[in-house]
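Right, one structure below, let's go through it.
Derivation of every value follows stated rules applied to the coordinates shown; laboratory data play no part. Predicted model, so just to flag it, every value in this text is computed and none were measured. Virtual Cβ from ideal backbone geometry, glycine too; neighbours counted across all protein chains shown.
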Amino acid sequence: MALVKKLVEQKLEHSGHHTEVECTYSIVEGLEGLYLQIDTYGSALREIHGQKSQTIRFAPEAIEQLKTLLQERFNNSGSQRIPLFLTSTVLPTISEGKPCAELNLPFWEI
């Protein structure tokens with residue numbers, strides 16, 4: 001499992017092709033606070049379909065960076081909106097283990 005404490009931007013020459021996969025998230029309580037864990041699962045083309053493929057756990061400081069990044073780079077409406085699951089006040093109330101594609105999360109005005 002990868003534990004991310006800091007995000008560093010890297011410009012890519014090309015984006016490449018990515019295969020769509022299932023994704024779940026969990027909120028994990030740790031010594032430094034709440035962590036966001038994202039797990040991806042093997043695509044339909046893999047030999048063992050549905051097997052956990054990658055796990056990335058974001059530490060509280062990386063979550064703060066991610067919130068800032070989303071506000072700065074993906075805010076086209078002019079208001080300060082971020083996905084609800086990334087607001088620190090609601091992290092404990094989100095149900096764990098739901099597929100990301102099924103969440104259809106609302107936005108939280110800040």
Exercise. Give a residue-ordered list of calculated ³J(HN,Hα) values for region 11-20 (Karplus: 6.51 cos²θ - 1.76 cosθ + 1.60, θ = phi - 60°; whole Hz; x for Gly, Pro).
Key: 6, 9, 5, 8, 8, x, 9, 10, 8, 5
Quiz item: Treating the beta-carbon of each Lys and Arg as +1 and of each Asp and Glu as -1, no other charges, what is the dipole magnitude of region 2-80 about its Cα centre, to the nearest 20 debye?
Solution: 80
Exercise. Give me the net charge of residue 50's neighbourhood, meaning all other residues with Cβ under 12 Å from the Cβ of residue 50; Lys, Arg count +1, Asp, Glu -1.
Key: -1
Quiz item: If packing is taken as the mean number of other Cβ atoms within 10 Å per residue, what is the order of 46-53, 58-65, highest first?
Solution: 58-65, 46-53
